Amino acid sequence: MSKFFITTAIDYPNGSPHIGHAYEKVLADIIARYRRLCGDEVFFLTGVDQHGQKMQQTADNEGVNVATLANRNTRKFIALWEKLGVHYNGWAATTDDLHKNCVQKILSALHDQGQLYKKAYKGFYSVRQEQYLTEKDRGEDGQFGEEWGEVVELEEENWYFRLSEHADWLKTAVSEGSLGIIPEFRRAEVLNAIERASETDLCISRPKDRLHWGIELPFDAGFVTYVWFDALINYISFAGYRSNGTASLPDFETLWPANAHVIGKDILVPAHAIYWPCMLRAMGFTDKQMPTLLVHGWWNIRRKSSEGESGGPEEKMSKSLGNVVDPAQLCERFGTDAVRYYLVRDIVTGKDSAFDLERLISLFNSELANDLGNLLNRSINMTKRFAGGLLPPITYDDDACKAVRSSLDNTTRDYRSAMDCYDLPGALKSINAHVVHCNQFIEKNPPFELRKEEAQRDRVLAILYHLCESCLHLSILLSPFLPEASDKIRRQLRAESRFKGHLENLAWGLLGPGHMTGKAKPVFPRIVVDEEKG
Ligand code: MSP
């Protein structure tokens, strides 16, 4: 059995989760469920990045204790993952003692190796990005751009990590592929950034008089650890690194390296593609022990035009613009299936997309309620009505039946190759192709007409069998995306125990002769928009 270790970025709980956060977790959850379906032993790690200046600032602004804020907001993230059916195996909260101990052990080891040094520095500092800026970060107009937020001039002593010592190694690791980067077009972006970002060393501390909310440096109590240096370590601390066999943690040796660090494009450079591999390298990780980064794009918002129509240009979602889409509310209104489906159906993995409520509704209504929902209903209902729910041994075959089997073969093949390269919308389209094929099969070979002739009885039974068997296969392929709906379909087919194996063994004939199907009940009721509510 192969192992598959998947992680996501850990979210800042300095507010409520929005659809961007939700997308990343649903994406990772679907990949995790798919790998399980392929027979892998999966460990899915996600969590929250609770330290840092952002958290301290939000707490100060709201007049609450920072630990209280972190805990309160962390609960919102956990509640959302539950609502969205995001099932993880490990929860990384950076205020957890086991993580703090691991970070401190790593810092001490790097300190002993001479990878860390202290020096005084005067320069400009971006409060939003929590990092020092260099002259190269100025825009063409000589100013620090909006992306840096508030920029202040600081002079202070700090601890530095000898990042620049690893720059040559990193260039080779990125260009030769030891550091996995998906999609491939992001690799060039990383190579361009290495030149710039790895010339200087990385400041890994913050003086406590400025920031108290962090992990104390084990060798200099006046400082806490820079939030990124702390947060990145979650990928190994919660995977059992240097844990001396703590029972609640996995076995690091067998789990590492991560098969996929699922992150957004904004945190690829410098954090994940520069700091992180250099940190790992300094800790003694080899080229073969470098992780793979799966970099997704962003869900943006289409700005409303002055007439209130949502056809304007795309803009970032942000609290200050007041355009944040709340995934919990979406789930309440449209159901978890609709939200999970839309979030991965209408964005190409790696690219951006603009959130569009009308698309969410129309994709659900056309592909799920109409196409798949109708197929399920008709198949199970007709089997009940025309065969008493019983599928006897099939004695009839013809070109139309053969075409159904071959369409399913194509769907399964295309689905697997799409999923293997993280093309989730591609996988959903391949599922839909078979659904459409089956619906046309019903139109061209209508059991409700054919059953009127006794001579066609075997043909009708073969048609019903092909439909029910197809529905079962479709529910299996759909299960990583819509686990609950998939279970409902299998229950209606009374086929919960018909397939326990791995995708590799998925083959025609799951519903053996004599199988009794159940009762049809709509799995995807159409979303009807109440005009009043909009
Ligand atoms: N705490 C850091 C990550 C540390 S990982 C060691 C962070 N947190 S975040 O809350 O700002 O973002 C968490 C994840 O959500 C990131 O991968 C980020 O790219 C993703 N997204 C945030 N907004 C997003 C969209 N609008 N769309 C898609 N993903 C987005 O960064």
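The values are calculated or read from the model by the stated rules, or taken from the named source; none is laboratory data. All values reported here derive from a predicted model rather than from experimental measurement. With ideal geometry, Cβ positions are generated from the backbone for all residues, glycine too; neighbour counts draw on all protein chains shown. Heavy atoms of the whole protein, side chains included, go into the accessibility calculation; ligands, DNA and RNA do not. Shrake-Rupley method; radii C 1.70, N 1.55, O 1.52, S 1.80 Å.
Distance from the Cα centre of region 274-304 to that of region 60-116, in angstrom?
Answer, in whole Å: 18.
Normalised by the residues of region 13-171, what does the relative contact order come to in percent, with Cα pairs under 8 Å and at least six apart? If you can, show how the numbers build up before the last one.
On the way: 161 pairs, mean separation 34.7, N = 159.
Rounded, it is 22 percent for region 13-171.
About its Cα centre, how strong a charge dipole does region 319-430 have in debye, to the nearest 20, once Lys and Arg get +1 and Asp and Glu get -1 at the Cβ?
260
If Rh is defined by the Kirkwood formula over all Cα pairs and Rg also comes from Cα, what ratio Rg/Rh do you get for region 115-254?
1.00
Can you classify region 39-183 as rounded, prolate or oblate using the Cα gyration tensor, where a ≥ b ≥ c are the square roots of its eigenvalues, rounded means a/c under 1.5, and otherwise it's prolate if a/b beats b/c and oblate if not?
Cα axes put region 39-183 in the oblate bin.
Expressed as a whole percentage, what fraction of the accessible surface of the chain belongs to carbon and sulfur atoms when a 1.4 Å probe is rolled over the protein heavy atoms?
Within the chain, the accessible surface is 47 percent carbon and sulfur.
Local charge sum around LEU202 (other residues, Cβ-Cβ under 14 Å, Lys/Arg +1, Asp/Glu -1)?
Working: positive: LYS118, LYS119, ARG162, ARG196, ARG206, ARG281; negative: GLU130, GLU165, GLU199, ASP201, ASP230.
Result for the neighbourhood of LEU202: +1.
Over the chain, calculate the relative contact order: mean separation of alpha carbon pairs under 8 Å at least 6 apart, over the residue count, as a percent. Before the final figure, lay out each step's value.
Numbers: 826 pairs, mean separation 81.6, N = 534.
Relative contact order here is 15 percent.
State, as an integer percentage, the relative contact order of region 142-240 based on alpha-carbon contacts under 8 Å between residues 6 or more apart.
26 percent.
Highest mean first, what order results for 320-328, 262-270, 41-49 on Cβ atoms within 10 Å?
Most protected by this proxy first, the peptides run 41-49, 262-270, 320-328.
Take GLU314 and GLU153, extend 7 Å from each Cα along the Cα→Cβ direction, and tell me the distance between the two endpoints in nm.
Rounded to a tenth, the inter-label distance reads 3.9 nm.
Scanning the chain for helices, which whole DSSP H stretches are 24 Å or more long along the axis (Cα) and average -0.5 or more by Kyte-Doolittle? Show your work: numbers first, answer last.
On the way: long enough: 19-37 (26 Å, 0.01); 66-83 (26 Å, -0.28); 399-420 (31 Å, -1.01); 424-444 (30 Å, 0.14); 457-478 (31 Å, 0.97).
Span-like helices here: 19-37, 66-83, 424-444, 457-478.
Given 0.36 nm per residue, what is the gain on full extension from SER2 to LYS452 after removing their alpha carbon distance, in nm?
Numbers: separation 450, 0.36 × 450 = 162.00 nm, distance 5.25 nm.
Roughly 156.7 nm would be gained on extension.
Applying 1/(1 + (r/R0)^6) with R0 = 56 Å to the Cβ-Cβ distance of ASP209 and LYS521, what FRET efficiency is obtained, to the nearest 0.05?
Working from the Cβ atoms, E equals 0.30.
Restricting everything to alpha-carbon atoms, can you work out Rg to Rh for the chain with a Kirkwood hydrodynamic radius?
1.04
Compute the Rg/Rh shape ratio of region 229-352: radius of gyration over Kirkwood radius, all on alpha-carbon atoms.
Using Cα coordinates only, the ratio equals 1.09.
For region 179-250, with every protein chain kept in place, what is the accessible area per residue (1.4 Å probe, Å²)?
Here the per-residue accessible area is 39 Å².
Say each of VAL64 and ARG491 gets a label point 7 Å from the Cα, pointing the same way as Cα to Cβ; how far apart are those two points in nm?
Simple spin-label model gives 3.6 nm for this pair.
Find how much the distance from GLN129 to LYS83 grows on full extension, using 0.36 nm per residue of separation minus their present alpha carbon separation; answer in nm with one decimal. Mind showing how you got there, number by number?
Values: separation 46, 0.36 × 46 = 16.56 nm, distance 3.05 nm.
Result for the pair: 13.5 nm of gain on full extension.
Between LYS429 and TYR396, with labels modelled 7 Å along Cα→Cβ, what's the label distance in nm to one decimal, could you check?
Placing both labels 7 Å beyond Cα along the Cβ direction yields 3.6 nm.
Classify region 287-373 as rounded, prolate or oblate, taking a ≥ b ≥ c as the square roots of the eigenvalues of its Cα gyration tensor: rounded when a/c is under 1.5, otherwise prolate if a/b is larger than b/c and oblate if not.
oblate
Quick check on region 1-100: take the gyration tensor over C-alpha atoms, sort the square-rooted eigenvalues as a ≥ b ≥ c, and tell me if it's rounded (a/c under 1.5), prolate or oblate.
Judged from the Cα gyration tensor, region 1-100 comes out prolate (a/c at least 1.5, a/b above b/c).
If packing is taken as the mean number of other Cβ atoms within 10 Å per residue, what is the order of 95-104, 475-484, 120-129, highest first?
475-484, 95-104, 120-129
For a label point 7 Å from the Cα of ASN410 along Cα→C-beta, name the residues of region 417-434 whose backbone N is under 18 Å from it.
It comes to 417-419, 426-434, nothing else.
Pull out the extension gain between LEU191 and ASP530, defined as 0.36 nm times the separation in residues minus the alpha carbon to alpha carbon distance; nm, one decimal. It would help to have the intermediate numbers written out before the result.
Details: separation 339, 0.36 × 339 = 122.04 nm, distance 5.04 nm.
Stretched fully, the LEU191-ASP530 segment lengthens by 117.0 nm.
Can you figure out the FRET efficiency of ASN244 with LYS500, using R₀ = 45 Å and their beta-carbon distance, to the nearest 0.05?
FRET efficiency, ASN244 to LYS500: 0.75.
If packing is taken as the average number of other Cβ atoms within 10 Å across a peptide's residues, how do 379-387, 350-358, 24-32 rank, most packed first?
For the peptides 379-387, 350-358, 24-32, the packing ranking is 24-32, 379-387, 350-358.
Considering only C-alpha atoms, what is the centroid distance from region 144-193 to region 414-486, in Å?
48
Would you please state which residues of region 203-234 a label at TYR121 would reach in this model, taking the label point 7 Å out along Cα→Cβ and a backbone N cut-off of under 12 Å?
The answer is 203-207, 226.
Treating only the Cβ of Lys, Arg, Asp and Glu as charged (+1, +1, -1, -1), what charge dipole size does region 104-199 show about its Cα centre? Round to the nearest 20 debye. Mind dumping the intermediate values first?
Details: 12 positive and 20 negative charges, 90 e Å.
About 440 debye.
Which whole-Hz ³J(HN,Hα) couplings does region 347-358 yield from phi under the Karplus relation 6.51 cos²θ - 1.76 cosθ + 1.60, θ = phi - 60°, glycine and proline marked x?
9, 7, 4, x, 9, 8, 8, 10, 5, 8, 4, 5
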